[in-house]
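The values are calculated or read from the model by the stated rules, or taken from the named source; none is laboratory data. The structure displayed is predicted, hence computed values, not measured ones. For neighbour counting, all protein chains shown are included, and Cβ atoms are generated from backbone atoms with ideal geometry for every residue, glycine included.
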Amino acid sequence: MPAPDYSPMAADISMDLREIHWIMDIIQSMDIGLVVVDLEYRVQAWNGFLEAHSGLLPTQVLGKSLFSLVPDFPENWFCRKAEAAWLLKTRIFSTWEQRPYLFRFSTYRPITGTAPYMYQNLTFLPLQSLTGQVGHLGVLIYDVTDTAVGRSALEIATQERVRLLRNDPTTGLFTRSYWEERFQQEYQRSKQTRESTTLLLLDIDGLKHINDSYGYTVGDEVIRTTAILLSSKIRIIDIAGRHGGGTFGIILVATRSRDGLLVADQLRQIASTQIINREKREIRYTISLGVAELTESAVAGEDWIAQAEQALYRSKRAGGNRVHVWRRDI
Amino acid sequence: MSTALVICDDSAFARKQILRSLPGDWDVTVTQVGDGSSALAAIRAGNGDVLLLDLNMPGMDGYQVMEVVQREKLATLIIVVSGDVQPEIRRRVLALGALELLKKPTRSGDLLAILTHYGLYRSTSFSPPKPEIQGDVSVDLRDVYRELANVAQGWAADRLARLLKTFVSTGNPAAITIEGTKLQAVLGQMAGSETVIAVSQGFAGGGLAGEVLLIFKDSSTVDMARLLGLTGFIDTNTTLDVVLDVASVLIGASLAGIGEQLDLSFSLGHPIILGRHVSMADLLAREGGCCKGRLLAMRLSYTIAGHNVNAELLLLFTPTSLPVLQQRVHYASP
């Protein structure tokens, strides 16, 4: 006598028809999309959720290629996922963060809906036939619009908070604390890679005098003007931030002191031509700079800054509107 | 005449699984050993007509045992038993003279097929006394956890190797129980200061539940995309795509490996991307974590030689899962 077969397959086959009926009812009415395709990507099942959001009736889609149902279907991407699921006989997941949706369904809540379309999470289920072979693929489509919208709002808020911490409100350049953090990183990196890096310190000549004579709003305007010309003259890889009241620090990456001197002198020249108009008066100002390339003589980041400060001090001592490069003998 | 069989595996739990899968009417004398050199000693003493051999063992591993057997032309037939059966490992063990590579956990049907195929066993009506077992057969839980992790790691390596069509190296799997409140400190040491991308997926099944954390070094993602055959500029969305694909495979396969050993299957939640370009410390600061009591933590790791790919998988079982798990283990190795 053959042993009775208690495998789940045998149980499935003998499943009561009424039971199949209520299971089908759930699949049809659940608030999750379900589409089943065969190995040729022809639609074999299309549940109520998909019908409701796409407006396509099962009779319009069954037996048709999944790729022909909607324009701009991501065919290559979908096939890659499906084939991985089939090959490895494992579920493959996709989140709205990597691809916002598979089917573009418009948002359906005029009052509470804030997204232009439904964000979707997907699960690719390889489905085995009665003989244990992979013959179909089920795709579950979850509406995650609420999560996605919530998360995006949170991320924007976080980015804004980070930006506020990093950027100085007057100039848009890095704040002193963030610039110093970056300075230490650059110092370590340049030491390790032995790449030439040059530090500029820039100071507005007589800022105190400008503040005293014309008021702080003019002083702020001078600082802002200098920051703008500074940003426009350095490269995107260079790192500029405020170092103190009227002092800026600029790290010129992959730059020798000779080229740093050229940049510094160009900044000095342009600053001297800037005119700030205030109550029909034209206010002019100048800047001084100190230049120091990182060398063996600096054994800590602080040494390097001190060298640039010494060079800047020389420019100031000589009357301002000048540039000096640090040398060991100064 | 009775066949002399050596079962060599550092895990008593794994040896028990092998013992249970031996044909009931096989006239066999079993010697159990926990390391490679003891296996060689047993073979030299004439106790090893057949050797069922694990690969990853402390001290002398399975590969080294096969090298000695080959060099010294020892008379034994080797069947390798491993959680990781990726094509490259099959090629290596067959080249070292093994008859077959058998996937862990050992199933009686698979073993029977191999034994029959090589004429090592023929079904008889003769019913010998239960195999004579030498050596310690008690199973302690730490050993069980380690073996569960070992097989999980192997299964996931095998799947990943097939997805990326390359050889995937694995590290030493670790399994510890740890106070939930101390978890953050342990996690903080992982991945060092490099920035990571992390994926989390919850799971539940048969009264066990927990969370899997997959951590890639950021620098891994481009190489993984290349291995998947993607060319050109790898933008953020493609990176996420690649990470989620690899995560689906590693997490799905490792849990399937554990489920297979405990005779249950897990249902998985949807994966969540926890962070991109963040340090582990920042990531943990963001996620609260509120688990009190002792957790079971398994740490699995994967690298790909010649490519900058580095992934760590952390399987965490909740404190309430542990009594259920112990009961399951008891069923699986009575």
Against the condition modelled with pLDDT under 95 and touching a strand residue (DSSP E or B) at 6+ places or on another chain (Cβ under 6 Å), how does A:Ala271 come out, does it pass?
yes
Residue identified as of a type outside the set (A, V, I, L, M), more than 17 Å from the chain's Cα centre (by Cα) and surrounded by fewer than 18 Cβ atoms within 10 Å (Cβ to Cβ) among B:Arg107, B:Arg71:
B:Arg71
Which one of these does A:Ile228 not meet: (1) out of contact with any strand residue (DSSP E or B) (no Cβ under 8 Å at 6 or more places or on another chain); (2) outside any helix (DSSP H, G or I)?
(2)
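Residues that are within 14 Å of chain B (Cβ to nearest Cβ): which helices (runs of 4 or more DSSP H) entirely in the range A:35-131 hold 2 or more of them? Give the steps one after another, and end with the answer.
Numbers: elements: A:48-54, A:58-61, A:75-88.
Where helices (runs of 4 or more DSSP H) fall fully within the range A:35-131 and carry at least 2 residues being within 14 Å of chain B (Cβ to nearest Cβ), they are A:75-88.
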Mind checking whether some residue in the range A:199-221 is over 30 Å from A:Arg281 (Cβ atoms) and outside any helix (DSSP H, G or I)?
yes
So, A:Glu279, is that one at positive phi and either more than 32 Å from the chain's Cα centre (by Cα) or not acidic (Asp, Glu) (or both) or not?
yes
Restricting attention to the range A:48-72, which residues are over 16 Å from A:Ser106 (Cα atoms), in contact (Cβ under 8 Å) with a residue 24 or more places away in the chain and of a type in the set (Ser, Thr, Tyr)?
A:Ser65
Got a sec? Which helices (runs of 4 or more DSSP H) wholly within the range B:168-280 have at least 1 residues that are modelled with pLDDT under 90 and within 11 Å of another protein chain (Cβ to nearest Cβ)?
B:236-262
The residue from A:Ala148, A:Ala157, A:Ala153 that alone is surrounded by 20 or more Cβ atoms within 10 Å (Cβ to Cβ), outside any strand (DSSP E or B) and within 28 Å of the chain's Cα centre (by Cα) is A:Ala148
Would you confirm whether or not the range B:1-22 contains a residue that is part of a helix (DSSP H, G or I), among the charged types (D, E, K, R) and surrounded by 21 or more Cβ atoms within 10 Å (Cβ to Cβ)?
yes
Within the range A:235-252, can one find any residue that is surrounded by 14 or more Cβ atoms within 10 Å (Cβ to Cβ), touching a Ser or Thr at 6+ places or on another chain (Cβ under 6 Å) and either of a type in the set (Phe, Trp, Tyr) or farther than 22 Å from A:Glu181 by Cα (or both)?
no
The conditions are (1) polar (S, T, N, Q); (2) buried (at least 16 other Cβ atoms within 10 Å of the Cβ); (3) at pLDDT below 85, and A:Asn211 fails exactly one of them. Which is it?
(3)
